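Below: one structure, written as structure tokens.
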Amino acid sequence: MNKVLTSFDAAVEDIADGATIMLGGFGLCGIPENLIAALVRKNVRNLHTISNNMGVDGFGMGLMLEAGMIATHIGSYVGENKLLEEMVIAGKLDLKLIPQGTLAERIRAGGAGIPAFYTPAGVGTPVAEGKEVREFNGRHYLMEHALTADFALIKAWRGDRLGNLVYRKTARNFNPVMAAAARCTIAEVEELVEPGVLDPDVIVTPGVYVHRILQGENYKKRIERRTTRLNAVRV
């Protein structure tokens, strides 16, 4: 089955107002830049987004935020986006913060068909409010529910026309677990190859999880905060 599309606008055409969307990435590493741009052009509204963080002002998911497209967000970190902070304080956006490991596991559970699980993370903190707490072997655990989405927009390094995906180093991050946890997964890749080119031993996301695939272009691959040091001493 050929899952290749040539237009990013066509790839997101059926994403409607009010959809729940997972977006891969860690900071600005491994984010689906072209799919985000297409979603901004479509100007869909009232989205419920799930992502580790919200990009930065003026780039990544920050563009969606500036366009007023996001109603609620689930993530683990918000420290690089001033507009997000302002909107949350003003009550213009519903934000739910989750410990990063718990976020990853909730998404993984969603893809694995596991409805809920227990974790010690957050016990005795505001994270535990309203959640079931059980004791196992003398230790308390919170019950956390799986996360799923209508769509997952993800980024991979290489992919083939069947949707098999290979990631590159830390750009893998949340992308593989999100690919399995959505009703429709749309992947953009830096290099698109024919079936059989990818070594089966290095494929991380099997094509069965991917519904649409496109080759991206003009990647900026920005760094959130560039830190350098003058007069560095070589040891």
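The values are calculated or read from the model by the stated rules, or taken from the named source; none is laboratory data. Keep in mind the model is a prediction, meaning the values are calculated, not measured. Here the Cβ positions follow ideal geometry from the backbone for every residue, glycine too, while neighbour counts run over all protein chains shown. Note: accessible area is taken over every heavy atom of the protein model, side chains too, but ligands, DNA and RNA are not part of it. Shrake-Rupley method; radii C 1.70, N 1.55, O 1.52, S 1.80 Å.
Could you tell me what percent of the accessible area of the stretch 188-235 is made up of carbon and sulfur, with a 1.4 Å probe and every protein chain present?
Accessible surface attributable to carbon and sulfur in the stretch 188-235 totals 47 percent.
How big is the antiparallel share of DSSP beta bridges in the chain, given as a percent to the nearest 5?
Antiparallel bridges make up about 30 percent of those DSSP assigns within the chain.
Determine the gain in length on full extension of the stretch ASN43-VAL204; use 0.36 nm per residue of separation and subtract their C-alpha separation, reporting nm with one decimal.
Difference between extended and current length: 54.8 nm.
Match the structure shown to one of the listed values (1) 173; (2) 183; (3) 121 of volume of the Cα convex hull per residue in Å³, computed from it, and give that label.
(2)
Along the charge dipole of the chain, Cβ charges K/R +1 and D/E -1, which of ALA171, PHE8, ASN46 sits furthest on the positive end?
ALA171
If you average 1/r over all unlike Cα pairs in the stretch 86-196 and invert the result, what Kirkwood radius do you get in angstrom?
That comes to 16.2 Å for the stretch 86-196.
Can you give the relative contact order of the stretch 11-106 as a percent, counting alpha carbon pairs under 8 Å and 6+ residues apart?
The value is 24 percent.
In whole percent, what relative contact order does the stretch 94-235 give with Cα contacts below 8 Å and a gap of six or more residues?
This gives 22 percent for the stretch 94-235.
Can you check what the net charge comes to around ALA38, using other residues whose Cβ is under 14 Å from the Cβ of ALA38 (Lys, Arg +1; Asp, Glu -1)?
Counting the neighbours of ALA38, the net charge comes to -2.
What size of dipole, in debye to the nearest 20, comes out for the chain about its Cα centre when the only charges are +1 on Lys and Arg C-beta atoms and -1 on Asp and Glu C-beta atoms?
600 debye
Excluding MET87 itself, calculate the net charge of residues whose Cβ lies under 12 Å from the Cβ of MET87, where each Lys or Arg counts +1 and each Asp or Glu counts -1.
Around MET87, the surrounding residues sum to -3.
Can you give the net charge of the other residues whose Cβ lies under 14 Å from the Cβ of THR6, counting K and R as +1 and D and E as -1?
Residues close to THR6 contribute a combined charge of -1.
Set the Förster radius R0 to 30 Å, insert the Cβ-Cβ distance between LEU83 and ASP17 as r into 1/(1 + (r/R0)^6), and round the FRET efficiency to 0.05.
Result of the calculation: an efficiency of 0.90.
Looking at the stretch 8-91, what % of its DSSP beta bridges pair antiparallel, to the nearest 5?
Here the antiparallel bridges make up roughly 20 percent for the stretch 8-91.
Please list 8-21, 59-72 highest first by mean number of surrounding beta-carbon atoms within 10 Å per residue.
59-72, 8-21
Please list, or write none, the lysines whose alpha carbon is within less than 18 Å of the alpha carbon of LYS169, excluding same-chain residues fewer than 8 places away.
Filter leaves LYS155, LYS220, LYS221.
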